[in-house]
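Report on the following structure.
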Amino acid sequence: MQHPSIPATPPGLRARQAVDEQASLNALIFRKLMPLLVLAYVISFIDRTNIALAKSHMAVDIGISAAAYGLGAGLFFLSYALLEVPSNLVMHRVGARWWIARIMITWGLLSAGMAFVTGETSFYVMRILLGAAEAGLFPGVMLYLNYWFGRKDRARATGYFLLGVCIANILSGPVGGALLQMDGLWGWHGWQWMFVLEGLPAVALAFVVWRKLPDGPSSASWLTRPQAQAIERQLAAERAEDVANGQVGESFRACLVDRQIWLAIFVYFCHQISIYTVIFFLPSIIGTYGKLSPLEIGALNSLPWVAAAVGAIALPRLAVTPQRGRRLLLVGLVSMAVGLLIAAFASPAIALVGFCLTGSMFFVVQSVIFLFASSRLAGVALAGGLALVNTCGLVGGFIGPSVMGWIEQSTGSTKNGLLLIAGMLVAAALASVWMRQGQESKR
């Protein structure tokens, strides 16, 4: 009973206090988790894409053609994709801390081993092994974020995580360009120095992940027991609501028969074709703009990723309802297509603006796609389903660079490749209109 001398707290004030407490708790989680996850993704993306800067140098030094380069760039995603679902199922059983640390050690060592490639065959083998080693990092983190964030904050958390790609591409150009200029030091080519010096940091960071990354709220030393329980109650309540609506599957088979999951896969497939084609071919496209040094090419290559970082920070947080999420998807995909059309037809300076427009929506789209997919799954289905979406999407990471390399070698230009990708993005935009989240009624 309320003591008569103590006035009751007004309901409106209690609600505001609850909101403030939740915001403070979310801020703590962001501060403790996201820097480490983002740094891991920065290193992983540098290690998977630094061959873009090495392309022309490896062609001269060991005779790797444009078509072989495109195939090798894509083979990474083939082995990566094949192992993602089993990797996420293992992480669901053994925990994030141990599994992510294992991933980082193996990919770091193999990335450094790219320095010992001697021709096309060894290039293919190392790219396949690197993809197998890194498999599971991205879908693993997508699963991990579901352990911590509710619907309203998950897209924002994903957007912050994807900042790692932006930071990696901003840094990789100037840093990789500088490392390439070590050519001849101790008898090594510049690209060999680049692979070694960019690969070993992953191994070092793995030990930090092992010590600092909690498996979930209940094992976080920086959360009180009531705070951890509050997080788990909120997530359980959201999941119960989705289950009650009949829109959430809890077995892996459920995600295989959900039409909405396959819509998300199609949209993500088109998105991944565009992003990895830009990643692997933009430096060489910029190289055709004039007589530029590796450092200048690297600096210009970073501009679309600055735009991507701005988009990732500013826009995913707007996807607080399914309707807003769909609008954001549609606008993002159409903007990416328009940017590639500008890049295909415009002069070099304007073409770079087009690439910046495309880049600004890269991780806005990616954040929202996974928000739709994760809202429809739970338990084992969530672990396997998120990996399935990423697996099928990353087939685009194999197809995009491979087709682009073939088009460049056949026509001597990347223009037709950019037009093809723009058309696929328009198709993805049309499909996105039909996507639904788990809490929405069946349609």
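The values are calculated or read from the model by the stated rules, or taken from the named source; none is laboratory data. Source: prediction; values computed, not measured. Here the Cβ positions follow ideal geometry from the backbone for every residue, glycine too, while neighbour counts run over all protein chains shown. Ligands, DNA and RNA are stripped out before the accessible areas are found, and what is left, the full protein with its side chains, is counted by its heavy atoms. Shrake-Rupley method; radii C 1.70, N 1.55, O 1.52, S 1.80 Å.
Working out 0.36 nm times the residue gap between Arg327 and Ser410, then minus their Cα-Cα distance, what length gain in nm do you get to one decimal?
Once the chain is fully extended between Arg327 and Ser410, it gains 26.1 nm.
Does anyone have the angle between helix 151-180 and the longest principal axis of the chain? Alpha-carbon axes, 0 to 90°, nearest 10?
In the chain, helix 151-180 runs at an angle near 20 degrees to the longest axis.
Using per-residue counts of other Cβ atoms within 10 Å, averaged over each peptide, order 22-33, 161-172, 96-107 from highest down.
Ranked by mean Cβ neighbours within 10 Å, highest first: 161-172, 96-107, 22-33.
Taking 7 Å along the Cα-to-C-beta vector as the label spot, tell me the Leu430-Trp222 distance in nanometres, rounded to one decimal.
Label-label distance for Leu430 and Trp222, simple model: 4.7 nm.
Which peptide among 215-228, 53-66 comes first, and what is the full order, when sorted by highest mean count of other Cβ atoms within 10 Å?
Going by the mean number of other Cβ atoms within 10 Å, highest first, we get 53-66, 215-228.
Please work out how much length the chain gains when fully extended from Arg253 to Lys152, using 0.36 nm per residue of separation minus the C-alpha to C-alpha distance, in nm with one decimal. Write out the running numbers ahead of the final one.
Values: separation 101, 0.36 × 101 = 36.36 nm, distance 2.70 nm.
That works out to 33.7 nm of additional length.
Of the listed peptides 389-402, 348-361, what is their order by residue-averaged count of other C-beta atoms within 10 Å, with the highest listed first?
389-402, 348-361
Along the Cα-to-Cβ line of Arg93, 7 Å from the Cα, sits a label point; which residues in segment 138-173 have backbone N less than 17 Å from it?
Zone members listed by number: 140.
Over the chain, give the accessible area per residue in Å² for a 1.4 Å probe, as an integer.
Normalised by residue count, the accessible surface of the chain is 40 Å².
Heavy atoms only, probe 1.4 Å: what % of the accessible area of the chain goes to carbon and sulfur, would you let me know? Working shown, then result.
Values: 11880 of 17790 Å².
Percent of accessible area from carbon and sulfur atoms in the chain: 67.
Around Leu377, which amide H atoms from residues at least 5 apart in sequence, or from another chain, sit under 5 Å from its own amide H, with H modelled in the peptide plane?
Gly249
Using the basic label-point model (7 angstrom from Cα toward the beta carbon), what is the Val320 to Ala59 distance in nanometres?
5.0 nm
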